[in-house]
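Written out below as structure tokens is the structure these notes cover.
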Amino acid sequence: MSFERSIAAFGRAKNVIAGGVNSPVRAFRAVGLSPVFMKSGSGAILTDVDGRHYVDYVLSWGPLLLGHAHPAVVKAIAAAAARGTSFGTPTEIETELAECIVAAMPSIERIRFVSSGTEATMSAIRLARGYTRRPKIVKFAGCYHGHADAFLISAGSGALTNGVPNSPGVTEGTARDTIVLPFNDAAAVERTFVEHPDAIAAVVVEPYPGNMGLVLPQPDYLKRLRELCAEHRALLIFDEVMSGFRVGPGGAQARTGVVPDLTTLGKVIGGGLPVGAFGGRADVMSYLSPEGPVYQAGTLSGNPLAMAAGLATLRAIRDDATLFERLEVLTRVLTEGLSEIAAKHGIAHTVARAGSMFGIFFTDGPVVDLESAMKSDTAFFAKYYAAMLDRGIYLAPSQFEAGFVSTAHTTRHVEQTLTAADASMAHAAAQRAQAATPVSR
Ligand code: HOZ
């Protein structure tokens, strides 16, 4: 079966949509292919416009913890739509979703909903700056916090994938207020606080960075960030857009026991609809307008359809006592299987896993930060990617993104994936060996 309709759809899109896509990684440039246009999703399976089926490990880049078109989520969205799609007024369902999140996330006493993860992190640092009356933020190379100007410096995700981690269009002034440090290097943070006394408003971090591939924090690293922020009266912001309700019910903060001052959320809390949120200590959140002076607003913030999808998702999570355990076990079977297969074919690799987030780097590792992640063989990844796609496995089209498992994935899906991975790695390794063999004359 060919990709004929996808290729034609991309050609048509390029005439009217910038680059043919509404978010850069989707263009498949890093894997040298034409993007696959999807038509529908059900459970763990995606179907493209050519009628090919895939086991999906992208899951809309993380939100679909329950898989595609989960009946409870679809029902909740349909019922909400029938009542009206947007009011621009407070609604009770916003409070219901807020109550669920406040109950689950250790750091969140007050919350505010927005429409995307980008809005959430952008608003959180404005609030941190307003609260502390300090200008600078610290971020970590390869971490991605959406595409607000302050974060597009050594950014991960599509910015890294497409080779423009420092975006043109970000002014020097903005860049000057963002201090970029290597992830997992607490000593660098310590030095930076000394070098910039009373100037750092916040340290913002993905506790389990998933936008340079999945990189895990070293033991006590997050705890040390917590201590340093407290010592220097800066706020610690956990960007849990990806890890929130994904690595466990209380996100990375419950998993690690490190409680930030502010947290940003998105993805799972919207159940597949556009939602973001930021929340944290009540005294900090009270600086937000209308209680306080820091302005933040949005026409579609707390949209009833998005709230309904999020609430249905979080209720399903709350009512299933073994959900995260099952996800964790299945993800472990997957990553251990991938690692065994890579080893069998003599392929240098490093796997990482946190809850139902996972990744495989094609380098010996250890992968602890952006520099070590960049040692990965991206040309090999592209070959592996194409072979997996051909065999019906849909992965993120970049070495520098995380994979996700949903409750709709079963051991059969994982077995199918490992069978495909075995053939794909063998194929990619043979291609690499062939390319490296000098042509005899
Ligand atoms: N930044 C998202 C992944 N980390 C990509 C979003 C998209 O392309 O849809």
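A few points about this structure:
- In the complete set of protein chains, residue-level accessible area for Arg432 is approximately 80 Å², probe 1.4 angstrom.
- Amide proton proximity set for Arg110, modelled H, under 5 Å, gap of 5+: Gly280, Ala282
- Values of log10 I(q)/I(0), in the order q = 0.14, 0.21 Å⁻¹, for the stretch 203-300 under a Debye, Cα-only, solvent-free model: -0.57, -1.14
- Accessible surface ranking for Ile7, Ile341, 1.4 angstrom probe, highest first: Ile7, Ile341.
- The orientation-averaged projected area of the convex hull spanned by the Cα atoms of the stretch 28-68 comes to 3.0 nm².
- Coarse-grained scattering of the stretch 306-441 at q = 0.21 Å⁻¹, given as base-10 log I(q)/I(0) from a Debye sum over alpha-carbon atoms: -1.28
- Binning all Cα-Cα separations of the stretch 1-154 at 10 Å, short to long from zero, yields these whole-percent fractions: 8, 23, 32, 26, 10, 1.
- Taken over the alpha carbons of the stretch 2-45 as equal point scatterers, the Debye sum produces base-10 log I(q)/I(0) values at 0.20, 0.28, 0.33 Å⁻¹ of -0.67, -1.07, -1.20.
- Among residues other than Gly20 with Cβ under 14 Å from its Cβ, the summed charge is +4 (Lys and Arg +1, Asp and Glu -1).
- Accessible surface for His68 stands near 30 Å², nearest 10, in the context of the full protein assembly shown (1.4 Å probe).
- As computed over the chain, the Cα convex hull volume per residue (Å³): 159 Å³
- Per-residue ellipticity at 222 nm, computed for the chain from helices alone with -39500 (n - 2.57) per DSSP H run of at least four residues, works out to -12000 deg cm²/dmol.
- Pair-distance distribution of the stretch 63-204: all C-alpha pairs, bin width 5 Å, starting at 0; shares per bin in whole percent are 2, 8, 13, 16, 17, 14, 11, 10, 6, 3, 1, 0.
- Fraction of alpha-carbon pairs over 12 Å apart in the stretch 388-441 - percent: 74 percent
- Over the stretch 164-241, the Kirkwood radius and the radius of gyration, each from Cα atoms, give a ratio Rg/Rh of 0.97.
- For Lys39, the lysines whose Cα falls under 19 Å of its own Cα, not counting residues fewer than eight places away in the same chain, are Lys14.
- For the stretch 1-96, the set of chymotrypsin sites (Phe, Trp or Tyr not before Pro) satisfying both a DSSP loop assignment and a count of at most 16 other C-beta atoms within 10 Å is given as Phe87.
- Rg/Rh for the stretch 22-108, where both radii come from Cα atoms and Rh is the Kirkwood radius: 1.07
- Rg over Rh, two decimals, the stretch 118-264 (C-alpha only, Kirkwood Rh): 0.93
- Sequence of Tyr384, Tyr208 from largest to smallest accessible area, 1.4 Å probe: Tyr208, Tyr384
- Cβ charges +1 (Lys, Arg) and -1 (Asp, Glu), total dipole of the stretch 21-109, debye: 480 debye
The values are calculated or read from the model by the stated rules, or taken from the named source; none is laboratory data. For clarity, every value in this text was computed on a predicted model and none was experimentally measured. Note: ideal-geometry Cβ built from the backbone for every residue, glycine included; neighbour counts use all protein chains shown. For the accessible areas, the whole protein counts, side chains as well, though only heavy atoms, and no ligand, DNA or RNA atoms are used. Shrake-Rupley method; radii C 1.70, N 1.55, O 1.52, S 1.80 Å.
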